Structures are given as C-alpha cells and as structure tokens.
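So the structure is just underneath, and the comments pick up after that.
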Protein chains: 2
Amino acid sequence: MASFLMNNCFGKSLKNVWCGASVYRYFSKTATSTHLDFDYDGPSMKTTVPGPHSQDLLKQLGDIQNVGAINFFCNYEKSRGNYLVDVDDNRMLDLYTQISSIPIGYNHPALLKLMSNPNNMSTFVNRPALGILPPHNFPDKITQSLLSVAPSGMTRVQTMACGSCSNENAYKAMFIWYRNKERGKNTPSNEDISTCMINQAPGCPDLSILSFMGAFHGRTMGCLATTHSKSIHKLDVPSFDWPIAPFPRLQYPLEEFTRENGQEEARCLEEVEDLIVKWRQRGKPVAGIVIEPIQAEGGDNHASPDFFRSLRNIARKHGCAFHVDEVQTGGGSTGKFWAHEHWGMDDPADIVSFSKKLLTGGYYHKDELQADKPYRIFNTWMGDPSKNLFLLEVLNVIRRENLLEQVTHSGKALLDGLQELQVQYPGILSCARGQGTFCAIDVCDDETRNSILLKTRDKGVLLGGCGDRSIRFRPALIFKEYHVHLFLNIFNDVLAQFK
Amino acid sequence: MASFLMNNCFGKSLKNVWCGASVYRYFSKTATSTHLDFDYDGPSMKTTVPGPHSQDLLKQLGDIQNVGAINFFCNYEKSRGNYLVDVDDNRMLDLYTQISSIPIGYNHPALLKLMSNPNNMSTFVNRPALGILPPHNFPDKITQSLLSVAPSGMTRVQTMACGSCSNENAYKAMFIWYRNKERGKNTPSNEDISTCMINQAPGCPDLSILSFMGAFHGRTMGCLATTHSKSIHKLDVPSFDWPIAPFPRLQYPLEEFTRENGQEEARCLEEVEDLIVKWRQRGKPVAGIVIEPIQAEGGDNHASPDFFRSLRNIARKHGCAFHVDEVQTGGGSTGKFWAHEHWGMDDPADIVSFSKKLLTGGYYHKDELQADKPYRIFNTWMGDPSKNLFLLEVLNVIRRENLLEQVTHSGKALLDGLQELQVQYPGILSCARGQGTFCAIDVCDDETRNSILLKTRDKGVLLGGCGDRSIRFRPALIFKEYHVHLFLNIFNDVLAQFK
C-alpha cells in the first residue's frame, strides 16, 4: 500500500479507516509505480487544507484581492507530474490541473529543458506585437505546433492571449463574415462607417450569436452573453438579447434511454431552428452558433455525435457560421486531440477556438472566415510566442509518449471505476459519463457534492465541481491507470463515510 | 557622424543627401555614446524594408493568417536596447516599441539575468489558475511590484492577461458596484438571478459606461462599445447603446489659446453631465465613466489637469465610478509612472487599468469597487505570474537608473526638437505636443504622414501613426537625449524631402 495512506492529518493510520469502511476495493490492482521519472509515488498529507501557512498567505492576499475562491497556496517548485504540492507540504494527486489547463503535469522535464536552452531566452524577454512585428521563426513555429494539430478542413489559425479573447475575436470574425456576405461585393456604405463610430446600426448591426443553456464561453461581455451556466458569472452585467437554445439533457445509462435521448436531442434541434427563424424576424439574425462539444462548467453535459452533425447542418442551411468552442475539451483529454473528432466529420466547423491545455489561446478558422482587412482582428500582443514554444514541446511529448492512447486507456479505467462506484453507492452517485479522462459523475445534491470534494481533498486528491451537483475529472494527459486506481481507492473511502 | 548615415539602401552616401537637403541641424550636439552597455550605436540599414527575407516569411505566414498589418519580421535575438533588428539585418532605432509595450528596451541584461536564474523556472513552466491556487510568493511579488507603484488611494489590484481583459473586468466591477449600491443592503432578488441567466433585465441590467469620441479601450465587445477611434475597429460588430461625450479638441500652441481651450473643455464637461442625465432618463444609467489621460490611438489628444479634475468631480456628483485607462499611458513614459499623476489629485480615480509596459494586464481599484463575492471577477488564469517577475525587475531598473527623470529630460529635448521642426516645416508639421517622451505631432494630411513614416523607417527609425494624421512617439524608458538627436537628424532629412 502506498505510503501516503499511513500518514494523514488526523494522526492515525488511514489504513485502518480504509479497511474498516470499505466494502469495495481497487487495492492497487494494476501498476505499483508511476513509470514517470518526475512523478511522486502518491499523495502525502501533513495538515488540514488550507494549512497554517496557506492561511497566513490568505490573510496577506486578502488585503489586496478578493480571496474567496482561493483553495490554498502552492509550492510549484516542489510539484511534480500528477502531484500538486502546497505551501504546507501537502502533496495532492491533481485531477483538476488548474481548471484543466496543465497538459503534461507539473515541471515536466521537457519543459524545464526548454527553459534552460539559452536560444529560447529572447522569446521570453521580448514579447512582440505579433500582428505587426512577428519574430523570424513565427511561421515555422505555428506550422509545427498549432497547424500540426489543426482540425479537419482548417489551415488558418489566429493566436490570442486567453480563452475569452479567443472567443470574442471568433465572434467578431463571424459577424464580419456575415455582414460581408450580406453586402455581396459591395464595400461598406458611408452610413456603415459613420454609424459604427457611435455604436449604432447599420455600422454596428443587430446581429446575434446563438448559444445554449448551460454553456460557458468566457466572461468578457461578448462571451458572457453566450454563457449560461451559473448566475454568479452573469449577475449585474449588461448583455445582448441573443437567442439561447436548450442543450440536450440526456438520461443515463445511455443504452437504456436510446429513444428518450433521441427525442430530447430532436427537440433541442427543432428549437434551434425555431430560434434562428424567430431572431431573423426580430431583425437580429443569427450570424453564428457557438457550442462546446461537452458542456464543461455547465455540468459535463454530453450530446451524441448525431446531434452535433445535425446542428452543423442546420447552421449551414441557415447561413450561420458554426463555432466549436474547444477551450476546455481541446488538447487531448477526451482521447482525441479535439473532442469534435469523435463526431467523425470532414467539415466539423467553421471556427474552433482553444486555450487552457494549449497554453496559448486562439482559434482556427476556414479560409472564408478570415477578416477581409488587416486591423479588424487585432490587438497589441495577439498571443505570446513563449507560450507557443511550450506548446510545441507539449505536442512532442504527447506524440513521443502516445499520450492520447494512454488517455483512452486511463479514461476507460476511470469511467469503469465510476460506474462500479455508482452501483455501489446508488444513493450518492449517478450518471457517470465521460470521454477519455474527461469524465464526470453526479452527486445526490450540492451540499453532499461539496462535502465529498473537501473530504477527498483532505485525503490528498484534488477534484473540481461543475454544474449544480456534478464532480468533474480533469487530470493531465500523463494520468495513468495506476493513478486511476489510486484515486478510486481514496474516493471509495470517502464515499463510505456518506453511506 | 554615426556610421549608419554612410550606409543606406539606395547605395549612395546618406551624408550627401543629408548635407544637401538640410538647413536645420542637430548634428550630434549632445552625447556621442549611449551609455547603455547593451545598446547599439546607431541604425544600420542593409535593404529596403521589408527586405527579401521578410517578404519570404510574409508569403509563408500569408497562408496561415491575414498579414496585411505586418511591417516586417524581426530578429529579437539580435535586437538590443533601443534598436530593433529585422531578419534582413536592418537595425532600426525604435520609437514605437511594439505599440508602446517594451518598457526598458530589447534584451535588457536585467531581464536576461532573471531568465538564467533556475529559481524562476517553475514560474514559467507551471502557469497557475491564480484565482484558486496561487503560488506561495504571489502576495509578496505583487506587493513588491504592482502595489509599490499603486495610484494614490488604491491598495487593491487585480491582475489580468491583457489590456482588453483588464478593461472588460474593470467595467464589470463598476456594474456590480453600481447595482449593489442600488440594492442597498438587499441581496439580489430571485428575479435578478433568473433573468440574468437569459441575458434579460433586471439580472442583466440596462446600465451603461460613458466614453469619449476618439477613445480607445480595447476590442473585445464590452471594450469596443467604448472605443471610438477608427471605424476599422468597430465595423460590423454589434454594440451597446451607451453615451459618447466629445473629448476636448485643444488648439496649439496652448499658451496662445488659453481662453478657447478653456471654453472647449467646459463645453465637453457640460455635455458629459447632459449625457449622464439623459441616459438616466432613458433607463440606462451611467455606472461608470472611462477615459484615457491622453487619447493615444485616437490621435494623442490631450486635455488639461483642470478638465480631468472637473470630470472626476462630475463622476462623484452623479454617483458614477471613474475609470482611468492607463493601458498606454502607464509605466513611466509621461515622466511620471502614471499619467494621471500630472493632475495632482489625492483621489484621482476609482479604477485604474494597465497593461503593455507593465507586461501584465490588470487594474487597481478602491476598496468599494471590489466585487462582493468570489467568482464574479474571475477566469482561468487571471494574469500570469511570470509576467509579474519581469515587471518587478523592470521597476528595479526604473528606480536604479532614475529612468523617470531621464524620460522627463529626453522628453523635453524631443518636444523642443519637434517644436523647432514645426517652425521649420510649417506646411507639413503642426501641434507638437507631449508629456515626457509620450509625444506626437500632426502632419498636413494622412498621405503625407504615411509617406513620412515609411521614409523615416527606410532611414532606420521606427515611428507609429495615430488618429487621422498624427505621428506618435513611444520610445522605451531607456531612450536618452542622445537618441533624441539621432532621431531628429534623420527626421529632418526626411522632412527636407517634402519641403
């Protein structure tokens, strides 16, 4: 048994707790080592979390910022691989990875090596205005990195600094494309030019983006108008009157509800078409449809490949651009580099945006979605080439170590384990679901969910919540079956306390 | 005479051109060396710009992105101090510094040293979700860096990734503050909570931000609704019906138009009050006023300290938050760290946003502008601690080398020179203006301005345009009087061609 189980914050052997409480065991049934040179061999908890050192820092930072969302303070120097170490020397198996934004674990040797290469220094020290004065190696670097994993049908990419900026600019690209289509070969009128300066139509037209209930696309004001996951994100911020369609609410297990789920998806698709027609009649035509392949923040809501294929066709039929937001799903954790690859389409989207695990933000787009003139999609930095350097190395590691296959393998073990646990704890858990390691499970209620998250953390595993009462799993791509069982053992211990 | 004058793309001695054309000379009247170990001693032009290597790369990148705004490709490894070197080995004195975002020149030794310190590595390699899991040294680092230069009356700061995100979140902070003020001690109603999820009032209220014609505050959709500098930024993007006030159009030289300029500022202030009243009556109350201390992108438009003091009082009187956008003006180039310090106020603003020269985005705010709950101002990264590391070192250099004093000194030499040149070339130049090295001058028309920019670049000096027909000067803080004269000599040569 891993040493961490012998050492816990209550000063007694966790082994006893575990043996007493559990009727369901994974008991290190697979590998006994991580096969990662830079990984630790298990969690190790020294204090409750947040520990005394974290609490001191929390007070200090509280004089400067709202610290209500802070979990604890971290020692990133000591963190390694799948393990996040905090300032009180607690070492936690991290299945949340900085809100799903650490692709290959902490302090990966490949990234450290990149940092020690003096040839890379100037990329960090001299951040360029990429839109006007890119570095000599920029075309090569984005060809080798971002374009080497471009979604089907896309050869163009625009980098941006973060997920929100990526989506904001993707929306602008769709608006520009739509208006140019409306104008045909005509140039903007004088009225277009003069009215846009004062925020009025026709220069600033009454176009809309169709989004889905439960969606999360960011928190800047354009993105926020398409975000509908939690009220705390939206309250008190002015917004746009844009159409919002229902996202399918599938019933689980899927194989038992084929007919019901098919009907539910058909209902949502019908509503999408109704809304497109209705908003056109209102004088606010839908320029684009934006959707996540899996609604993450909104509760890990899935839909079938059929649903997405039909939606893509509806967009085409009505002349709306189709924007797939892969900010959270992109980068490999579903077992494919892009979650939309699971739909099996040659022409899955007009725009695909990304950030998080890709370390740089940005969006791919089809040729016709490129703005017709310079400075229409533009800002000072337009991304950061130093992040692109890291991404290139991350992609090398993913390929070299076959991490997508590993994710598929670990993900199956994780989902199998969750499904067994929900049989074991039917009063607590339900709707285990996932693709690759991008998994989630529902808890009976919000309060129990939050309590489980805290108790699991106290035992050395970091998880995230999403939706009203779901737990989401977002490990790094180096998360192996060994870690799955390590997690399941601990999770089982926690659940046993609730039974 | 500096060696660069002997070597130009036309293959003949620039010295002859210079001697023949010029009747007005600065002739290296001050220092003959830069006193910067890492600086070059002058421009050196090998090809026309963009040179053949840049043109090849332009073709390559053109298959991936819109490259219409790209000037040329850079060799950032070879760039040093005030000089940007391109891929064709042209070395240019840079008075534009990546749209004003390079604070202490290229490859500053202090920043390179920081990169070679292994203790800093993990900050680059492990980008945290700052809002939930900050690094152990985060409170100390922002205290030593951002808070050490906090605007008067502000002890709180929120970091963000870029200027647009900073302003977007500053606007949200003002909306939240305003609605909480309206509610008094009441919590949000059930109607607030439910309507905000579908973008409707009262949850998403009809509040507005008052901005000024000619302003630039960014290009994401919230920011863009307050940006009114160029139509290319705004065309085809839906916007908000928010009030837009006139920004004073001062006449130069200021000392000759005291009365007229006073009247112009009074007219604008009166219009601001009228708009606040009018928008309140329309049911779209003004939650905040946003303004740049100097409208940069819009044409380097200045107003007097009196104007800003009165505006701040109007904001207070009408219960609007006052947001000073220092994204371009902040960081020292006006001779003070913040341009608003020239107003001489103890309580200059409720919110001050920054980015560019500070390398990290973000905003300072008064205590009452802090969101009342966590996750209201939030995103995955909330900035980037590695940028903060650089900023700390930049501030050390600024203090150690008295760069603000130097900026004041160089800026006076620059403005004196521009004023002399506009006397010399009255048909071409007018309205020389500036604070520190944050200077600008108007050119007779757009076409001549653009031609001057290109010809000056061909002689090895990079400048920027702004507004309809202005040239803006945005050198780094290490720009010395020596460089001023170097520039003025070249500028004079170029102007002589237009006489």
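The values are calculated or read from the model by the stated rules, or taken from the named source; none is laboratory data. This one's a predicted model, so the numbers in the text were calculated from it and none came from an experiment. Here the Cβ is made from the backbone with ideal geometry for all residues, glycine too, and neighbour counts use every protein chain on show.
At a glance:
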read-out: Residue, farthest from A:Phe337 (Cα to Cα), within segment A:136-192, restricted to residues that are more than 10 Å from chain B (Cβ to nearest Cβ), in contact (Cβ under 8 Å) with a residue 40 or more places away in the chain and basic (Lys, Arg); value: A:Lys181
read-out: Residue under evaluation B:Ala287, criteria (1) surrounded by 24 or more Cβ atoms within 10 Å (Cβ to Cβ); (2) in a helix (DSSP H, G or I), criterion not met; value: (2)
read-out: The listed residue being over 30 Å from B:Ala349 (Cα atoms) and touching a Leu at 6+ places or on another chain (Cβ under 6 Å), out of B:Val87, B:Val125, B:Val49; value: B:Val125
read-out: Residue list for segment A:389-417, filter: in contact with a Cys (Cβ under 8 Å, 6 or more places away or on another chain) and touching a residue at least 40 places away in the same chain (Cβ under 8 Å); value: A:Gly411, A:Leu414
read-out: Residues of segment A:56-75 satisfying the condition of being outside any loop (DSSP other than H, G, I, E, B), of a type in the set (A, V, I, L, M) and within 7 Å of another protein chain (Cβ to nearest Cβ); value: A:Leu57, A:Leu61
read-out: Residue match in segment B:260-268 (condition: small (Gly, Ala, Ser) and closer than 30 Å to A:Gly218 by Cα); value: no
read-out: Residues within segment B:213-249 that are assigned to a loop (DSSP other than H, G, I, E, B), crowded, with 19+ Cβ neighbours inside 10 Å and among the aliphatic types (A, V, I, L, M), tallied; value: 4
read-out: Residue that is nearest to A:Arg91 (Cα to Cα) [pool: residues in segment A:478-492 that are in contact with a Lys or Arg (Cβ under 8 Å, 6 or more places away or on another chain) and crowded, with 23+ Cβ neighbours inside 10 Å]; value: A:Ile490
read-out: From B:Leu463, B:Leu488, B:Leu477, B:Leu454, residue being without any contact (Cβ under 8 Å) to a residue 12 or more places away in the chain and hydrophobic (A, V, I, L, M, F, W, C); value: B:Leu454
read-out: Residues of segment B:175-195 that turn out to be hydroxyl-bearing (Ser, Thr, Tyr) and in contact with a strand residue (DSSP E or B) (Cβ under 8 Å, 6 or more places away or on another chain), as a count; value: 1
read-out: Residue selected from segment B:106-134 under the condition free of Cβ contacts under 8 Å to residues at least 40 places away in the same chain and polar (S, T, N, Q), by the criterion farthest from the other protein chains (Cβ to nearest Cβ); value: B:Asn117
read-out: Residue check for B:Leu453: closer than 20 Å to B:Leu254 by Cα and part of a helix (DSSP H, G or I); value: no
read-out: Set B:Pro188, B:Pro128, B:Pro151: member being at pLDDT 95 or above, over 26 Å from A:Asn379 (Cβ atoms) and either of a type outside the set (A, V, I, L, M, F, W, C) or not assigned by the TED database to the domain that holds B:Pro348 (or both); value: B:Pro188
read-out: Candidate set from segment B:351-369 (those that are part of a loop (DSSP other than H, G, I, E, B) and in contact with a Lys or Arg (Cβ under 6 Å, 6 or more places away or on another chain)); member that is nearest to the other protein chains (Cβ to nearest Cβ); value: B:Leu359
read-out: Selection within segment B:410-446 - in contact with a helix residue (DSSP H, G or I) (Cβ under 6 Å, 6 or more places away or on another chain) and either part of a helix (DSSP H, G or I) or surrounded by fewer than 18 Cβ atoms within 10 Å (Cβ to Cβ) (or both); value: B:Ser410, B:Ala413, B:Leu414, B:Gly417, B:Ser430
read-out: Residue count for segment B:371-388, restricted to those that are closer than 19 Å to B:Gly330 by Cβ and in contact with a helix residue (DSSP H, G or I) (Cβ under 6 Å, 6 or more places away or on another chain); value: 1
read-out: Subset tally (residues that are within 7 Å of another protein chain (Cβ to nearest Cβ) and either under 30 Å from A:Ile104 (Cα atoms) or free of Cβ contacts under 8 Å to residues at least 40 places away in the same chain (or both)) for segment B:76-105; value: 5
read-out: Residue in segment B:465-474 that is in a loop (DSSP other than H, G, I, E, B) and buried (at least 20 other Cβ atoms within 10 Å of the Cβ) present; value: yes
read-out: Residues within segment A:193-217 that are under 22 Å from B:Asn199 (Cβ atoms) and either within 7 Å of chain B (Cβ to nearest Cβ) or among the aromatic types (Phe, Trp, Tyr) (or both), tallied; value: 7
read-out: Members of segment B:218-253 found to be under 21 Å from B:Glu265 (Cβ atoms) and touching a strand residue (DSSP E or B) at 6+ places or on another chain (Cβ under 8 Å), listed by number; value: B:Thr226, B:His228, B:Ser229, B:Pro243, B:Ile244, B:Ala245, B:Pro246, B:Phe247, B:Pro248, B:Arg249, B:Leu250, B:Tyr252
read-out: Tabulated pairs, segment A:41-53, first under 21 Å from B:Pro139 (Cβ atoms), second charged (D, E, K, R) and crowded, with 19+ Cβ neighbours inside 10 Å, C-beta under 6 angstrom, 6+ apart or interchain; value: A:Thr47/A:Asp88; A:Val49/A:Arg457; A:Gly51/A:Asp88; A:His53/A:Asp88
read-out: Segment B:114-124, residues that are within 28 Å of B:Ile377 (Cα to Cα) and over 29 Å from the mean Cα position of the chain (by Cα); value: B:Ser122
read-out: Exclusive hit being surrounded by fewer than 17 Cβ atoms within 10 Å (Cβ to Cβ), modelled with pLDDT of 95 or more and either in the same structural domain as B:Leu415 (by the TED database) or charged (D, E, K, R) (or both), set B:Arg179, B:Arg267; value: B:Arg267
